[in-house]
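Beneath this line is the structure, given in structure tokens, with notes to follow.
The values are calculated or read from the model by the stated rules, or taken from the named source; none is laboratory data. As the structure is a computational prediction, the values presented were derived from the model and not from experiment. Virtual Cβ from ideal backbone geometry, glycine too; neighbours counted across all protein chains shown. Please note that ligands, DNA and RNA were not included when accessible areas were found on the heavy atoms of the full protein model with its side chains. Shrake-Rupley method; radii C 1.70, N 1.55, O 1.52, S 1.80 Å.
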Amino acid sequence: MKTTTLLLLFTILFSSCQQRVKNISFTDRVAKAHLTKDFLQREAIQFDLKLEFGGTDRINAKMTLLTNSSKAVIAYSNGAKIIIDQNKVFYSPSIPNKAAVRFDAYTWSYFFLFPYKVNDPGTIWTAYANTEKNNKNYLTEKLTFASGTGDAPDDWYVVYANAKSNLIEKAAYIVTLKSDKEEAEKNPHVIQYLDYKKIDGIPIATKWIFNGWQEGKGLTDELGHATLSNIQFIKVDPNYFEPGADFKTI
């Protein structure tokens, strides 16, 4: 009788533990793996970004980002700067590509901060049926945004976290900043977050690879890649984010 009671109690406790594990959300797992709370306690992070896309050098700059994503500076190797202050973007006259200022201002900083923003206000996470061959290697969910969120709320992401480490390894996405959603969905891309290194104990991807992406198939042709180096958490003077007198705004 005692053996039966103990076995029943063990079964109940085991089922309860399983349920608690199951109830841990995708975003909570990711946030814990990326040490998001520790990341957000730091004021700012700075790194060098070298990006090639479509066979062309796109970015060679030092990026300085407040960890709360409210302000950023992209300082190009030629001395030009883009300054982001909430929803305002300023740029110096010698900027390498004026047509891409707004895109560059928000895209690359968002990609860097993305693993630490999974629980941001306005994020909507839903189950995603990953039918790719290696689907067992990942926890996968889809991210959309509430209306009015950010610069392009019609964007969506399919996010792959490593099933063992819970670190984000891939994020498929569309970009609607320059086109409507229907047009953007004809050409989705994916960013791979690779070569994680710990900076003051916090895991940060030091290599990005961009590919095309097809639902059910996953990665297709490589489109570009980036390296991140000299990564460090820093303190910054508030004046660092002030635009010069000759800066223009969009």
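Mind telling me which of the residues ASP155, ASP180 ends up being under 21 Å from LYS217 (Cα atoms) and either open to solvent by less than 40 Å² (accessible area, probe 1.4 Å) or of a type in the set (Asp, Glu) (or both)?
Values: ASP180 fails: under 21 Å from LYS217 (Cα atoms).
On inspection, the qualifying residue turns out to be ASP155.
Scanning region 37-78 for residues that are of a type in the set (D, E, K, R) and over 21 Å from ILE199 (Cβ atoms) yields GLU52, ASP57, ARG58. Just one residue in the set LYS71, LYS88 is in contact (Cβ under 8 Å) with a residue 40 or more places away in the chain, charged (D, E, K, R), more than 23 Å from PRO203 (Cβ to Cβ) and surrounded by fewer than 14 Cβ atoms within 10 Å (Cβ to Cβ); that residue is LYS88. Against the conditions (1) without any contact (Cβ under 8 Å) to a residue 24 or more places away in the chain; (2) within 16 Å of PRO115 (Cα to Cα); (3) part of a loop (DSSP other than H, G, I, E, B), LYS198 satisfies every one except (3). Reported count of residues in region 53-95, each being out of contact with any Phe, Trp or Tyr (no Cβ under 8 Å at 6 or more places or on another chain) and charged (D, E, K, R), is 3.
The set of residues from region 34-43 being open to solvent by less than 80 Å² (accessible area, probe 1.4 Å) and over 16 Å from the mean Cα position of the chain (by Cα) comprises ASP38, ARG42, GLU43. Mind listing whichever residues of region 50-75 are at pLDDT 95 or above and of a type in the set (Phe, Trp, Tyr)? Result: no residue meets the conditions.
A single entry from LEU143, LEU51 fulfils the requirement of being of a type in the set (A, V, I, L, M), under 16 Å from the mean Cα position of the chain (by Cα) and farther than 24 Å from THR227 by Cα: LEU143. Restricted to region 121-135, and to residues there that are more than 19 Å from TRP213 (Cβ to Cβ) and either at pLDDT 95 or above or β-branched (Val, Ile, Thr) (or both), the residue that is least open to solvent (accessible area, probe 1.4 Å) is THR123.
Applying the condition of being acidic (Asp, Glu) and in a strand (DSSP E or B) to region 215-250 and asking which residue is surrounded by the most Cβ atoms within 10 Å (Cβ to Cβ) yields GLU222.
For region 196-250, a residue qualifies if it is more than 27 Å from TYR173 (Cβ to Cβ) and acidic (Asp, Glu), and the qualifying residues are ASP200, ASP237, GLU242, ASP246. Six or more apart or on different chains, Cβ under 6 Å: which pairs go from a residue in region 154-171 that's over 20 Å from THR131 (Cβ atoms) to one that's surrounded by fewer than 20 Cβ atoms within 10 Å (Cβ to Cβ) and basic (Lys, Arg)? Could you list them? Filtered contacts from region 154-171: ASP154/LYS181; ASN166/ARG29. Checked across region 138-153, the condition of being in a strand (DSSP E or B) and either on the phi > 0 side of the Ramachandran plot or among the small types (Gly, Ala, Ser) (or both) holds for no residue. Considering region 113-142, the residues that are out of contact with any helix residue (DSSP H, G or I) (no Cβ under 7 Å at 6 or more places or on another chain) and aliphatic (A, V, I, L, M) include one that is farthest from ASN162 (Cα to Cα), namely ILE124. If you go through region 197-214 and pick out every residue that is open to solvent by 30 Å² or more (accessible area, probe 1.4 Å) and touching an Asp or Glu at 6+ places or on another chain (Cβ under 9 Å), you end up with 3.
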